[in-house]
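To start, the structure itself, in structure tokens.
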């Protein structure tokens, strides 16, 4: 049977969402009548106002773009209804949609969520999965309701989390599998063969939004936990540490590290055990962590060995890093 062509509205903001929009555009089977995204906001060091990735993608494809701050105004809801959409697809839009909006499209709204629901609900499922030590995640395509990622699931596509995966790595792979999964789910809805599956609320965890205040490393934690946090917070907000003796808040960003369980037991947490071409080895509450890539204040991301070429004295064995919350 031939899949009916639907009128679609797409709502999303970052690159992850744009990848899904592009998948729908490339598929070419459905008519995307409008794209919704967050208002343009300042970004980068220059704080230049830039369009979102979804806006850029939609504009390039000739899709009309709309950027309401929210849908509280009746005019915004009426405009959405005027598109006469069969289905609205929401991917990392950045707004919680009220039931009055979810009810507008004929087939409702579906969401692409970066977790195997109900495992991680909330704003940062990819980061929290890595931070928690999960070995598997994926993408869930779900029907939206007024709850926070609580809707019935249409499909789930699994993806392994490797021991060295960062959030950036995982985000790319989830976008790769999410696009085809979304296209299949839309086809199932269009053909009337979708079989929504209710979530088990007892299996859910809250993936709270990542805050910059969480990014400072606490060296009293074990090395495995610190490694997972560094990978989870890459590319944002990037974990950091400071020299314990520094009187200024000079944040040293840690981009890549590797746990080493063989060292650290006889050293104070946060002390540098060694610093050489293999990296900067730091004692943790249990085990030790070898810093492989870091970024000094105002500098570039460099391999630890390259930083040591000009700053060996700063990272001499015995130097102590402050732990989270320490003055």
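The values are calculated or read from the model by the stated rules, or taken from the named source; none is laboratory data. Since we're looking at a predicted model, the values are computed, not measured. Every residue, glycine as well, gets a Cβ built from its backbone with ideal geometry; the counts of neighbours run over all protein chains shown.
Can you tell me which of 230, 272, 238, 252 is farther than 30 Å from residue 4 by Cβ, at pLDDT 95 or above and more than 24 Å from the chain's Cα centre (by Cα)?
Result: 272 is the single residue among 230, 272, 238, 252 that is farther than 30 Å from residue 4 by Cβ, at pLDDT 95 or above and more than 24 Å from the chain's Cα centre (by Cα).
Taking the stretch 144-170, which residues are surrounded by 19 or more Cβ atoms within 10 Å (Cβ to Cβ) and out of contact with any strand residue (DSSP E or B) (no Cβ under 6 Å at 6 or more places or on another chain)?
Matches in the stretch 144-170: 165, 166, 167, 170.
Among the candidates 301, 273, which residue alone is touching a residue at least 40 places away in the same chain (Cβ under 8 Å) and under 22 Å from residue 214 (Cβ atoms)?
301
Among 289, 281, which is surrounded by 19 or more Cβ atoms within 10 Å (Cβ to Cβ), in contact with a helix residue (DSSP H, G or I) (Cβ under 6 Å, 6 or more places away or on another chain), assigned by TED's automatic domain parsing to the domain that holds residue 245 and within 16 Å of residue 315 (Cα to Cα)?
Of the residues listed, the single one that is surrounded by 19 or more Cβ atoms within 10 Å (Cβ to Cβ), in contact with a helix residue (DSSP H, G or I) (Cβ under 6 Å, 6 or more places away or on another chain), assigned by TED's automatic domain parsing to the domain that holds residue 245 and within 16 Å of residue 315 (Cα to Cα) is 289.
So if I check each of 37, 59, which one is free of Cβ contacts under 8 Å to residues at least 12 places away in the same chain and within 26 Å of residue 173 (Cα to Cα)?
Being free of Cβ contacts under 8 Å to residues at least 12 places away in the same chain and within 26 Å of residue 173 (Cα to Cα) holds for just one of 37, 59, which is 59.
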